[in-house]
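Working notes, structure below.
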Amino acid sequence: MVPTIRSFTTLWVTSTLIYFSGSVRTQTIPECNVNLGLFTTQDFSPCEVLVTAMTSCARNMDPNATEYTLEAVSSQSLNQYPVPILDSASPFTSCDCTDVSYNLHQACAACQNGLDSNVTLRSLWFRGCKGV
């Protein structure tokens, strides 16, 4: 069987979660209030996967990068996560401008607010990513 992008991404996220699962979290990750079947087979929520993936991505570019900070979607304007803004000083910008980040942000918002959450359109999310 030829590995697909999806299986590679799943393997990468799973191995990243296992690698970081022993590390000490310095923040509280938003909890999922709605079970939409979005948890991994290891029982990680989309929000936990998002923080782990973004932290790992940033540390691949800058080993001294901090842990990705994620607040509850209810604390955000319009109850949706803000779109990426080009900021060359932040290693998270390049990480935010990916399909993985977009999908995990939307899944994290949905598991907090259910299907009534405000989804950020993909075209709006990537608008600020030109040149990354």
- Task: Rounded to whole Å and ordered largest first, report the semi-axes of the equivalent ellipsoid of the range 41-119 derived from its Cα gyration tensor (root of 5λ).
- Result: 22, 15, 10
- Query: For the range 69-132, with every protein chain kept in place, what is the accessible area per residue (1.4 Å probe, Å²)?
  - Reply: 55 Å²
- Query: For Leu86, Leu70, Leu115, Leu38, what's the largest-to-smallest order of accessible area, 1.4 Å probe?
  - Reply: Leu115, Leu86, Leu38, Leu70
- Share of the range 67-132's accessible area from carbon and sulfur, percent, 1.4 Å? 55 percent
- Query: In sequence order, what are the phi-derived ³J(HN,Hα) couplings for the range 70-80 according to the Karplus relation 6.51 cos²θ - 1.76 cosθ + 1.60 with θ = phi - 60°, rounded to whole Hz, with x for glycine and proline?
  - Reply: 9, 8, 4, 5, 5, 8, 9, 4, 6, 6, 9
- Message: Within 10 Å of each candidate Cβ there may be at most 10 other Cβ atoms; applying that plus a DSSP loop requirement, which trypsin sites (Lys or Arg not before Pro) in the range 29-132 survive?
- Response: Lys130
- Query: In what sequence, largest accessible area first, do Asp96, Asp43 appear using a 1.4 Å probe?
  - Reply: Asp43, Asp96
- Query: Stretch Asn118-Asn60 to full length: gain in nm at 0.36 nm per residue minus the Cα-Cα span?
  - Reply: 17.8 nm
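The values are calculated or read from the model by the stated rules, or taken from the named source; none is laboratory data. Quick caveat, the model's predicted, so the values are computed rather than measured. Note: ideal-geometry Cβ built from the backbone for every residue, glycine included; neighbour counts use all protein chains shown. SASA here: full protein model, heavy atoms, side chains in, ligands and nucleic acids out. Shrake-Rupley method; radii C 1.70, N 1.55, O 1.52, S 1.80 Å.
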